[in-house]
Amino acid sequence: MLFSLSKGYRCLILTSGITTILAIIFNYLMPQVIRVTVDSVIGEDPFQLPTIILNWIELVGGREYLRSNLFICAFVAMILPILSGVFNYISRITMAKSSESMITKLRNNLYHHIQRLPYSWHVKNQTGDTIQRCTADVDVIRGFVANQLLEMLRIIFLIVLSLILMFAMNIKLSLIALCFIPLIMAYSGLFYAKISKRFQAADEAEGDLSSMVQENFTGVRVVRAFGRQAYEVERFDTKNNFFSSLWIKLGYVLGAYWGVGDLASSLQVMAIIIFGIFESINGSITVGEYMLFIAYNSMLVWPVRAFGRILSEMSKTGVSLTRVSEILNEKEEHDSESAVEPSMDGDIVFDNVSFDYSGINPVLKDINFTIKAGTTFGILGGTGSGKSTLMYLIDRLYDLPQNSGKITINGVDVKNIKLDHLRKNIGFVLQEPFLFSKTIKENIGIADEHQDMHQIRYSASVAAVDDTIVDFTKGYDTIVGERGVTLSGGQKQRVAIARMLMQKSPIMIFDDSLSAVDSETDAKTRSALKTNTGDSTVILISHRITTLMHADQIIVLDDGKVSQKGTHDELAVQEGIYKQIYEIQGTIESELAEINKIGGGF
């Protein structure tokens, strides 16, 4: 995944790698200057330098000139770290630019991909966990690309270069230094295998914690209404303590690793110092070479030691890459090759439709009916009877499996209609509508980029909410709060209806979308809708007979099947569920009217 993300930024990454190597080379040359100064300028040992540098020394006056002007050696020793710093700066800048560009690309890919994932994926996955993957996990990947990736190159080059230079000076001491490296590497490898699973468990626990917090905040009114604050705090404490315990256990493992690693590194340094002294006394190496060897060994210890930290970050990054890839590997919704954009003002036909969510218990069983274009169609049924599922299938929030019937609009199978075209032409208002944390005007006009105020108010008046909105202190500029929390249930439903009317869809679906308003407002809204929906096909799903009674045709769903079909007058006298509900609701409304008449009530 990282390789594909690097497309377009590989030149920057290559520049960063080259300048990193140059910075290391200049940094490693400084101890060489010290060695030459000690052994060959101050001392009498012959120069062991490339020919081009020897020619330059002879050109300026040879050993005696340098001995008389030691500031030249000091200047060279000073300029090399400066050059190393300049190249290191270029390396960091180019890597920062390339890494941030890559992560920006990853965030965009993730967001765009999630927007195109099927509705069923969103239902199965917790919002908090998805946010965790798109934020915290992406940030871990960003840290690795921006810092650890470059550090890995630096460490590998440092180890290789140090060993080459050390072996060139003294094979015996180099072998002593080298024997510790496989031990540290093997230990780091075991640590990597052990720590990866712990990081994954901690990451998943954090996602679970985020989901709980997100759920609690969005359901704050329910929590307060039922006095569940103490319970929710206790639930959070339990999850938070579990999450903390995972990191504490990780801390133990990390502490043990760093402790053992520090001990191994210290033993290696001590071994080099002790054996180096004997080699120097025996004359196997000069004092300058000994000092240089110690310097290079110190440079070797740090990258070998840091290798474990890189492995630790790699394990975290590996977990995060897996979690992010799980989202990116999910299949997006897509149009068929033969997808078309037909006129959406034709009949809607359910032809022998069956559907289930789990693959075990069918929700719909052999459903057959036709919704005539331009008519109002009512659907009545108990909880779980499949009313909303019918509408999800029309809008292709769920796709019908093979051999499960078909749904056509104007004679075209919905599977062969382009998704954007299908959904743009179907207006949907749910029982629990979602409002954005914006002004009422922006929520209603979300389908209209220009947000014509006259049209917004007209749509609101049809939805019987204009009078309510203008009574607010800021009117249409009132901020509704997250998920519309500042509005009542009925107000949210009517604002959602107004928003859908702005879409001017040829098919309008009202999924129990007037359940939170009183009967008078319900009747007023239905009357306005009947007058203003024009030639649109209107589908009403409701548990209220009064909402459905003026529909041109009504079906009754029972246990996933169409048990009754007809007009209100036909169903009201036909034995069945419709008549039973009609009589019950009629009795209740009569009793309420009588109570209100004599001044009673609750």
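No value in this document is a laboratory result; all are computed from the given coordinates. As the structure is a prediction and not an experimental result, all values here were calculated from the model. Cβ coordinates were reconstructed from backbone atoms using ideal geometry, including for glycine residues, and neighbour counts include every protein chain displayed.
The loop-placed trypsin sites (Lys or Arg not before Pro) in region 232-334, going by DSSP, that have at most 11 neighbouring Cβ atoms within 10 Å of their Cβ come out as Lys331. Semi-axis lengths, largest first, of the ellipsoid equivalent to the chain are 76, 25, 23 Å, with √(5λ) applied to each eigenvalue of the Cα gyration tensor.
Expected output is a single nm value to one decimal: the length gained when fully extending between Asn352 and Val470, i.e. 0.36 nm times separation in residues minus the C-alpha distance. What is it?
37.7 nm
Stretching the chain fully between Ser325 and Glu575 yields a gain of 84.4 nm (0.36 nm per residue, less the alpha carbon separation). Only DSSP H runs of four or more residues enter the estimate; each adds -39500 (n - 2.57), and after division by the residues of the chain the mean residue ellipticity at 222 nm equals -20500 deg cm²/dmol.
Each of Arg154, Arg67 was scored by other Cβ atoms within 10 Å of its Cβ. Arranged with the fewest first, they read Arg67, Arg154. Label separation (Ile479 vs Phe369): 4.4 nm, computed from points 7 Å beyond Cα along the C-beta direction. The ranking of Phe217, Phe369 from fewest to most other beta carbons within 10 Å of each one's beta carbon is Phe217, Phe369. From the phi angles alone, apply the Karplus equation (6.51, -1.76, 1.60; θ = phi - 60°) to region 334-346 and give each ³J(HN,Hα) in whole Hz, x where the residue is Gly or Pro. Per residue, the Karplus-derived 3J(HN,Hα) values read 8, 7, 5, 4, 9, 4, 10, 10, x, 5, 9, 9, x Hz. Placing a pseudo-label 7 Å from each Cα along the Cα-to-Cβ vector at Tyr89 and Ser336 gives an inter-label distance of 6.3 nm. I'd like the FRET efficiency for Glu583 and Trp247, computed as 1/(1 + (r/R0)^6) with the beta carbon distance as r and R0 of 45 Å, rounded to 0.05. Efficiency for this residue pair is about 0.15. Taking GluC sites (Glu not before Pro) in DSSP loop conformation with at most 13 other Cβ atoms inside 10 Å as exposed sites, the chain has its longest uninterrupted site-free stretch at 45-331. Of all lysines in the structure, those lying under 25 Å Cα to Cα from Lys197, and not within fewer than 8 positions of it along the same chain, are Lys124, Lys239, Lys249, Lys316. Per the Cα gyration tensor, region 28-111 maps to an equivalent ellipsoid with semi-axes of 45, 11, 10 Å, ordered largest to smallest.
How many nm is it between the label spots at Trp121 and Phe167, if each spot is 7 Å from the Cα in line with the beta carbon? Taking the simple label geometry, Trp121 and Phe167 are separated by 5.0 nm. Once the chain from Phe3 to Phe71 is taken as fully extended at 0.36 nm per residue, the excess over their C-alpha distance is 19.7 nm. Across region 242-255, coupling constants 3J(HN,Hα) worked out from phi with the 6.51/-1.76/1.60 Karplus curve, θ = phi - 60°, read 5, 4, 5, 5, 5, 6, 5, 5, 4, x, 4, 5, 4, x Hz, and Gly and Pro carry x.
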